[in-house]
Amino acid sequence: SGSVAKDRPGDRRVPMTNLRARIAERLVQAQHTAASLTTFNEADMSAINALRAKHKESFKAKYGVGLGFMSFFTRACVEAFKVVPEVNASIDGRDMIYHDYVEMGIAVGSERGLVVPVIHNAHTMSFDEGAAEIERLVPLARAGKLDARAKTGGTSTIPKVGAAGPVD
């Protein structure tokens with residue numbers, strides 16, 4: 001199949017080997033035919049909980065935004081993509097498109113179902129800027145008031161937090 005993605009500055013298109021293309025094709029096929037399965041992974045959040053408890057008030061006083069878990073998850077993903085850029089890449093036909101930028105989707109539950117607002121240029125934001133953008137987007141997503149730009153262009157998505165608690 002031909003190219004469907006429109007490259008933008010910061011995209012690097014690399015042709016896949018025949019083996020990698022066949023594996024990608026089989027994975028997509030499996031997604032359409034296999035039974036859905038949910039897995040749960042546990043992580044020790046005690047260090048983040050301690051950091052939040054210690055700095056929550058001073059962070060809010062200094063930056064005017066909360067010190068939510070999703071801010072930590074977003075920063076962790078941005079840093080991980082620097083080490084393993086394939087996780088932030090996409091497939092277009094027989095090409096891998098590596099994105100040298102992060103447009104981070106944040107899955108949010110709303111009365112209308114799952115909504116995924118996008119933090120554009122997350123890779124350029126400081127921790128407090130990312131926290132402010134999350135704090136701005138999540139209520140808009142829940143209220144169904146996101147504009148088209150805020151709902152499009154994500155290169156990766158952080159799934160909705162389930163048993164661990166709400167997005168805050």
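The values are calculated or read from the model by the stated rules, or taken from the named source; none is laboratory data. Since we're looking at a predicted model, the values are computed, not measured. Methodologically, a virtual Cβ is constructed for each residue, glycine included, from the backbone with ideal geometry; neighbour enumeration extends over all protein chains shown. For the accessible areas, the whole protein counts, side chains as well, though only heavy atoms, and no ligand, DNA or RNA atoms are used. Shrake-Rupley method; radii C 1.70, N 1.55, O 1.52, S 1.80 Å.
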So, with points 7 Å from each Cα along the Cβ direction, the residue 40-residue 83 label distance in nm works out to 2.6
Where does helix 127-142 land angle-wise versus the long Cα axis of the chain, in degrees 0 to 90, nearest 10?
-> 80
Would you list the P(r) distribution for segment 34-168, with all Cα-Cα distances sorted into 10 Å bins from 0 and each bin expressed as a whole %?
-> 11, 38, 38, 12, 2
Points 7 angstrom from Cα along the Cβ direction at residue 157 and residue 33: gap in nanometres?
-> 2.4
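Write down Rg/Rh for segment 1-97, rounded to two decimals, with Rg from the C-alpha atoms and Rh from the Kirkwood relation over Cα pairs. List each step's numbers first, then the result.
Details: Rg = 19.5 Å, Rh = 17.3 Å.
A ratio of 1.13.
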Per residue, how many Å² of accessible area does the chain show with a 1.4 Å probe?
-> 65
If you find the alpha carbon centre of segment 113-129 and of segment 10-85, how far apart are they in angstrom?
-> 12
With at most 14 other Cβ atoms within 10 Å, longest stretch of the chain clear of loop GluC sites (Glu not before Pro) (DSSP) = 43-110
For segment 54-103, just the Cα set please: Rg and Dmax, both in angstrom.
-> 15.8, 50
Hey, what did segment 15-168 get for relative contact order, percent, Cα under 8 Å, at least 6 apart?
-> 24
Quantify, in whole percent, the carbon and sulfur part of the accessible surface of the chain (1.4 Å probe; protein heavy atoms only).
-> 57
In segment 61-157, the trypsin sites (Lys or Arg not before Pro) that sit in a DSSP loop and have at most 15 other Cβ atoms within 10 Å of their own Cβ are 112, 145
